[in-house]
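The values are calculated or read from the model by the stated rules, or taken from the named source; none is laboratory data. Not measured: the values here are computed from a predicted model. Here the Cβ positions follow ideal geometry from the backbone for every residue, glycine too, while neighbour counts run over all protein chains shown. For the accessible areas, the whole protein counts, side chains as well, though only heavy atoms, and no ligand, DNA or RNA atoms are used. Shrake-Rupley method; radii C 1.70, N 1.55, O 1.52, S 1.80 Å.
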Amino acid sequence: MCRTLQFGIKRLFDVVVALVLILLLTVIPVLIVVPLLIRLTSRGPAVFTQERVGKDGKIFLIYKFRTMLTPEDSITPEGRELTPKERITKVGAILRKTSLDELMQLFNILNGTMSLVGPRPTLPYQVERYTSQQRRRLLVRPGVTGWAQVNGRNDLSWTEKIQYDLEYVDHFSLLFDLKILFRTVWVVFRKEGIEFKREDAITAKSTPAETSNSTDHKD
C-alpha cells in the first residue's frame with residue numbers, strides 16, 4: 001500500500017476516532033465536568049491555547065485544559081513569582097497525571113492541525129534551533145501521542161525525542177500507528193514520564209519571551 005493512500009486512510013481514521021471519543025466523553029461527561037472543576041477551583045479560562053509548529057512548519061493553536069494558575073495569579077503578596085511547579089493547580093496535577101489535559105486536542109484533530117499519532121508539536125523558538133535533519137519531523141502532522149512518548153516521554157531530552165520522531169517519519173505505516181496507540185494506553189496507565197526533567201540546547205530558555213511561552217507546556 002503506497003504512503004499517500006496510507007496517509008489518506010490515517011486522516012479518515014483520525015476524524016472518525018476523534019468524533020467517537022468526543023461523543024463518548026461528552027456523555028460520560030468528562031468534557032463538561034473537567035472545565036467546571038477548573039473554573040470553580042482557580043481563576044481564568046478552562047481551556048489553554050498556545051502557538052505550536054505543525055506540519056510543514058505552519059503555526060497553529062494547540063488546545064489543552066488549563067493546569068496552571070494564570071500569570072496574574074502567580075505572584076505572591078510579597079512580590080515573588082511562583083515557579084512553574086508551584087503554579088500547577090490541584091485539579092491541574094490530576095489532569096496531568098491522567099493526561100486528561102490533552103483531551104482538548106481531539107478538536108485539533110478535527111480541524112486538521114494534529115493527528116492521533118505523530119511527533120509532539122513544539123514551540124516556535126525550539127523549531128528555530130533545529131538542524132536541517134531535525135526539521136524533517138515537520139513532514140507529518142504532529143500527534144497527541146507518538147513514538148517518543150511511548151519510549152520515555154519526558155524522561156527523554158528533546159534531542160532524544162526528535163530521534164524517535166525521525167524514526168516514525170521514516171517508518172510510518174498504519175500498523176506502526178496502532179502499535180503506538182496500544183503502547184500509549186500502557187504508558188498513561190502507569191503514569192510514566194509526566195514531568196519534564198531534561199533541558200538541552202533546544203529547550204533551554206534564554207529570553208523572557210521564551211520563558212513566557214512555556215506556560216502550561218509539559219511536552
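Return a yes/no flag: does the stretch 85-96 have any residue that is of a type in the set (D, E, K, R), in contact (Cβ under 8 Å) with a residue 12 or more places away in the chain, more than 22 Å from Asn154 (Cβ to Cβ) and loosely packed, with under 14 Cβ neighbours inside 10 Å.
no
Residue under question is Ile109, and the condition is that it be in a helix (DSSP H, G or I) and over 13 Å from the mean Cα position of the chain (by Cα); does it hold?
Considered against the rule, which asks whether it is in a helix (DSSP H, G or I) and over 13 Å from the mean Cα position of the chain (by Cα), Ile109 comes out as no.
Residue-by-condition table, conditions (1) basic (Lys, Arg); (2) at pLDDT 95 or above:
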position	(1), (2)
Ile162	no, yes
Leu166	no, yes
Leu175	no, yes
Val185	no, no
Lys191	yes, no
Ile194	no, no
Thr203	no, no
Ser214	no, no
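Under the condition of being touching a helix residue (DSSP H, G or I) at 6+ places or on another chain (Cβ under 9 Å) and open to solvent by 10 Å² or more (accessible area, probe 1.4 Å), which residue from the stretch 115-126 is nearest to Ile9 (Cα to Cα)?
Leu116
This table checks each residue for (1) on the phi < 0 side of the Ramachandran plot; (2) more than 19 Å from the chain's Cα centre (by Cα).
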| site | (1), (2) |
| --- | --- |
| Val16 | yes, yes |
| Leu21 | yes, no |
| Val33 | yes, yes |
| Arg43 | yes, yes |
| Glu51 | yes, no |
| Asp56 | no, no |
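Which of the residues that make up the stretch 134-145 are charged (D, E, K, R) and either open to solvent by 20 Å² or more (accessible area, probe 1.4 Å) or assigned to a loop (DSSP other than H, G, I, E, B) (or both)?
Step one: filter the stretch 134-145 for residues charged (D, E, K, R), giving 135-137, 141.
Passing the criteria: Arg135, Arg136, Arg141.
If you take the residues of the stretch 1-46 that are assigned to a helix (DSSP H, G or I) and among the polar types (S, T, N, Q), which of them is surrounded by the most Cβ atoms within 10 Å (Cβ to Cβ)?
In the first step, residues of the stretch 1-46 are kept if they are assigned to a helix (DSSP H, G or I); the result is 3-27, 30-41.
Of the ones still in play, those that are also among the polar types (S, T, N, Q) are 4, 6, 26, 41.
Details: Thr4: 8, Gln6: 16, Thr26: 11, Thr41: 11.
Of everything passing the filter in the stretch 1-46, Gln6 is surrounded by the most Cβ atoms within 10 Å (Cβ to Cβ).
Would you mind stating whether Thr131 is in a loop (DSSP other than H, G, I, E, B), of a type in the set (Val, Ile, Thr), open to solvent by 10 Å² or more (accessible area, probe 1.4 Å) and modelled with pLDDT under 95?
Considered against the rule, which asks whether it is in a loop (DSSP other than H, G, I, E, B), of a type in the set (Val, Ile, Thr), open to solvent by 10 Å² or more (accessible area, probe 1.4 Å) and modelled with pLDDT under 95, Thr131 comes out as no.
For Ile62, work out the one condition from (1) among the hydrophobic types (A, V, I, L, M, F, W, C); (2) surrounded by fewer than 16 Cβ atoms within 10 Å (Cβ to Cβ); (3) touching a Lys or Arg at 6+ places or on another chain (Cβ under 8 Å) it doesn't fulfil.
Tallying (1) among the hydrophobic types (A, V, I, L, M, F, W, C); (2) surrounded by fewer than 16 Cβ atoms within 10 Å (Cβ to Cβ); (3) touching a Lys or Arg at 6+ places or on another chain (Cβ under 8 Å), Ile62 fails exactly one: (2).
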